[in-house]
1. Would you mind telling me the share, in percent, of accessible area of region 86-144 contributed by carbon and sulfur at probe 1.4 angstrom?
2. For region 187-324, give the percent of accessible area contributed by carbon and sulfur heavy atoms, probe 1.4 Å, rounded to a whole number.
3. Do you know the relative contact order of the chain, to the nearest whole percent, from alpha carbon pairs under 8 angstrom that are 6+ apart?
4. What does the accessible area per residue of region 1-139 come to in Å², with a 1.4 Å probe and no ligands, DNA or RNA counted?
5. With a 1.4 Å probe and every protein chain left in place, work out the accessible area per residue of region 415-509 in Å², rounded to a whole number.
6. Would you compute, from DSSP H runs of 4+ residues alone, the mean residue ellipticity of the chain at 222 nm, taking -39500 (n - 2.57) per run and dividing by the full residue count, rounded to the nearest 500?
7. Working out 0.36 nm times the residue gap between ALA410 and ARG509, then minus their Cα-Cα distance, what length gain in nm do you get to one decimal?
8. Hey, can you find the accessible area per residue of region 160-288 for me, probe 1.4 Å, expressed in square angstrom?
Amino acid sequence: MRLVGSAEMRAIDRAAIEDCGIPALTLMDRAGRGVADAAAALAAPLGRVVVVCGGGNNGGDGYVAARLLRAAGRDARVLALVPAERLSPDARAVREQAERTGVPIEDGVLGPLAAGVGDVVVDAIFGTGLARPPAGPFAAAIEAVETARAGGASVLAVDVPSGLSADTGRPLGACVHAHRTITFAFQKRGLAVHPGLSYAGDVTVVDIGIPLEAARRVPASCELLTELEAKALLPPRKPDAHKGDAGRLLVVAGAPGKTGAAHLALTGALRGGAGLVTLAARPEVLPYALAGRPEAMSVALPGDGPLGPGDLAGLLAAARDVDALVVGPGIPRGPETGEMLRALLSGAGKPAVVDADGLNALADQPALLAGLGVPLLLTPHPGEMGRLSGKSIAEVQADRIGMAADRARAWSATVVLKGARTVVADPEAPPAVIPTGNAGLATGGTGDVLAGLCGALLAGGLPAPAAGRVGAWVHGRAGDLAAARFGERGLVAGDLGEAIGGVWAEWGR
């Protein structure tokens with residue numbers, strides 16, 4: 001499902017108006033009707049509707065909604081933050097129409113809104129184009145909306161909650177918390193990621209008649225990966241498939257004190273459907289990592305301490321007959337580990353998932369990732385992404401979609417930026433936001449399971465972008481199944497193996 005940013009939506013609107021001949025006022029009327037219908041559904045039978053209008057087309061949608069609500073017998077009125085002479089031409093036209101039909105309009109009101117329980121406040125202050133913190137009367141109006149909400153009024157946002165970035169989902173300053181958001185034509189990026197999700201409330205996309213041709217003329221920048229789309233990326237197994245067809249996977253994972261990381265990566269790989277899975281690790285790791293995993297094979301890496309040049313020959317030999325690698329969960333890391341891993345990935349020439357301490361080992365020279373010449377699937381959490389990109393966690397989180405897409409291009413790799421609403425990006429396609437998952441996955445070891453799961457999909461023949469998308473979607477859904485059984489607080493990483501099997505059962509895979 002397509003997600004659009006502010007510039008992208010403006011370009012689609014422009015194509016609809018200029019190239020397809022749809023009058024801007026027609027689009028505004030359709031948007032206002034969607035808002036009016038939603039406001040009427042939210043309000044109590046005798047509830048009032050207060051529409052707070054800004055100066056742009058978002059405000060114009062509000063004027064249309066107020067007129068239609070008034071015509072339907074509702075007690076609807078407008079608080080106008082911008083005088084008529086300063087409105088955009090289309091907004092001024094619909095304001096004048098509202099005035100002619102008897103809609104009460106108050107200009108410049110900054111005091112408390114007369115709205116409480118059973119009433120609805122419609123936030124039509126700012127739309128998708130806002131790029132700076134609201135100030136002056138606009139910030140005061142947002143505060144008034146928030147006060148009305150605290151007093152029991154329902155808040156309906158038009159297109160996006162005022163004060164929220166439509167691109168990143170981050171509040172730019174004062175920001176409306178809506179119970180419901182009516183957005184037009186396409187879901188907005190900022191409403192599909194945190195914290196925008198919590199500011200928007202329930203989101204409904206209203207069709208305002210944008211022609212498909214207008215949308216096709218503007219390149220897509222992002223998508224929300226639906227279950228249907230994820231499922232379509234993973235074909236069923238052939239009835240005569242054997243374990244070699246299911247893929248051979250080498251997992252390089254685990255160290256003393258981190259044997260669980262290896263065990264969980266194996267669990268993800270086996271439940272992910274790999275036909276043959278081999279763990280390569282130090283001898284003291286193997287008994288603990290393999291406990292309860294009789295399906296997995298193993299290769300001992302002689303010696304002790306961090307992985308380094310001395311381990312390269314053994315790992316290359318182990319990788320010779322596999323289809324893909326998983327490198328990094330809990331590996332022992334030292335100053336020479338990064339150089340060895342680059343030599344392993346390049347020398348093996350196989351698709352590879354790099355996770356956790358594998359990413360940390362490569363963070364000294366991340367630019368070299370682009371030159372390794374193999375399909376890479378990187379699975380950083382925000383801290384690891386920060387180390388790889390030289391950014392703080394706050395900078396990574398400020399624009400997760402943009403960060404993942406930028407790094408995927410820079411490193412010529414598929415990037416799975418983990419977290420609430422995981423983002424999967426690759427160099428060739430729009431990034432995908434993953435809607436599955438819950439806060440219960442914020443516990444140690446769940447990323448190791450994801451690494452193994454993605455590795456199994458790579459070994460089974462999926463390209464890295466598809467493996468990242470399917471893996472992240474299924475991992476999140478497995479988390480949802482586990483949380484339904486144990487609660488978010490009770491969920492542990494070991495629950496995900498069985499739950500992944502549950503997802504495959506749901507899919508008939």
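1. Roughly 55 percent, rounded to a whole number.
2. The value for region 187-324 is 56 percent carbon and sulfur by accessible area.
3. 12
4. Computed with neighbouring chains in place, this is 42 Å² per residue.
5. 32
6. -12500 deg cm²/dmol
7. Contour length minus the Cα-Cα distance gives 32.2 nm.
8. Each residue of region 160-288 exposes 41 Å² on average to a 1.4 Å probe.
The values are calculated or read from the model by the stated rules, or taken from the named source; none is laboratory data. These figures come from a predicted structure and were not determined experimentally. With ideal geometry, Cβ positions are generated from the backbone for all residues, glycine too; neighbour counts draw on all protein chains shown. Accessible surface areas use protein heavy atoms only, side chains included; no ligands, DNA or RNA. Shrake-Rupley method; radii C 1.70, N 1.55, O 1.52, S 1.80 Å.
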